[in-house]
1. What list of ³J(HN,Hα) values in whole Hz, one per residue of the stretch 169-183 in order, does the Karplus curve 6.51 cos²θ - 1.76 cosθ + 1.60 (θ = phi - 60°) give from phi, with Gly and Pro shown as x?
2. Let a ≥ b ≥ c be the square roots of the eigenvalues of the Cα gyration tensor of the stretch 89-194; is it rounded (a/c under 1.5), or, if not, prolate (a/b larger than b/c) or oblate?
3. With a/c under 1.5 counting as rounded, go ahead and sort the stretch 76-148 into rounded, prolate or oblate using the C-alpha gyration tensor (a ≥ b ≥ c being the square roots of the eigenvalues; past the cut-off, prolate if a/b is larger than b/c, else oblate).
4. Which whole number of Å³ per residue matches the convex hull of the alpha-carbon atoms in the stretch 150-237?
5. Report ³J(HN,Hα) in whole Hz for each residue of the stretch 205-218, in order, from the Karplus equation J = 6.51 cos²θ - 1.76 cosθ + 1.60 where θ = phi - 60°; Gly and Pro get x.
6. Would you mind counting up the charge near N354? Only other residues with Cβ under 14 Å from its Cβ, with Lys and Arg at +1 and Asp and Glu at -1.
7. If you find the alpha carbon centre of the stretch 320-381 and of the stretch 257-310, how far apart are they in angstrom?
8. Run the numbers on the stretch 185-316 and let me know its relative contact order in percent, using alpha-carbon pairs under 8 Å that are six or more apart.
Amino acid sequence: MRPHHVFLRFDLSTPSHYNHFMNIRLNSRSIWPIGFAALMLLLAIGLMTRYFEQLPIEGTSLGIDWHNIYNGIRGLTLTYTSEHDGLRNPPWSVLALIPLGLLSYRSGWGLMILIDIAVLIVSVPYSTRRARHWLAILLLISSYPSLRQVADGNVEALVIGGILLILFGLRKENPLLLAIGILLASAKFQETWLLLIVLGLYLLRDWRHWLLTVYTVALVVMLSLLWRGREWFDALHNLPQQGQGTLLDMSLVSVLGQHNSPYLLTGLVWIALVAVTMWIIAKDKSNLSRDKAGFLICASLMLAPYAAGNSLLTAFAIGVIPLLANFPAVGLVLIALTDVQYVLPTDFRYYWGNVYGLALVFIIWMILGWQIYRTKLLTDKATAMIEPLLAVQQDT
């Protein structure tokens, strides 16, 4: 008698990339590999937490961001403080991290890094060329923004994971997955505010289908604000001020302000970037794709009132790494420009790091914008060639 089989299908591809899926067949033979994988995961968690428990970090800047996050989630709760280095992320976006507050500071940091690595691996678009796929994973994990994330312990995994869920939820027309993606992606508004605005415009085209998404997001946000909204708003008042004196800030307004740019010129450049971004998005009215997401993330970072350099990882993972598939030369150049920060002098990174970060985001923005525009032109040309043929077939 044949054993009973259960089929599960997962499709993490995005509309603009690969149509890849994985079938997991659960039976007496396949349960052992799954059990072994689960065992290896538990072993990785144990080794990671044990390593970080023994890591000498006293007197260093390691885990500087995780220190702020951990103080906010310690003890299975959510605490905002008026201190300069307290938690700043929206309450609804960090709910998934609260269980890490039950662990020690170092164990929680190690587990957070393991989550970061897992999300980065999943974010790499699948390629039938295995060597290229693993190379893309290696280049992402070993990149300068990725290792900076490991050192700082920030929440880029929430943002990247949320963006992936948004793209996946749109493709599968799943309102709940889309809602979860929106809640996670908003963990750092400076990275995704334009993306979320454009996403809202897309959803309006078929708003009845996405009512569950709207209701879910609204309910979670309102309950979170009733719970910790006032404390969160009070904590936001201590954000670093834009403009002069903030060398960590790579936003357009801050960088131009630090170099005494006239307010009128800064305003005109800001408006021009918004106009070009929205014009390119409006040219292609198809569904939100991976390259559009990367394009909008770059625009969000440049146009936000504040954007630290560690936010570059999201633009790098969502926008740059996928270029290795279709435009490998361009992707490798952008990776080289990103990783050259490993060898830049310390003084340069300190005093000019925000300028370099802004320039790099601008270059990625231009390349992704051109790719979106070029794809639209090729699509229109192909449509113009096919339509007469279809008309002839209908006449006959």
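Laboratory data are not the source of any read-out in this text; all were calculated from the coordinates shown. Just so it is clear, the model here is predicted, and its values are computed rather than measured. For neighbour counting, all protein chains shown are included, and Cβ atoms are generated from backbone atoms with ideal geometry for every residue, glycine included.
1. Listing the rounded values in order: x, 5, 5, 8, 6, 9, x, 5, 4, 5, 4, 4, x, 5, 4 Hz.
2. oblate
3. prolate
4. Spread over its residues, the Cα hull of the stretch 150-237 gives 105 Å³ apiece.
5. So the Karplus estimates, Gly and Pro as x, are 5, 9, 5, 5, 5, 9, 4, 4, 4, 4, 4, 5, 4, 4 Hz.
6. 0
7. One Cα centre to the other: 15 Å.
8. Contact order relative to length: 41 percent.
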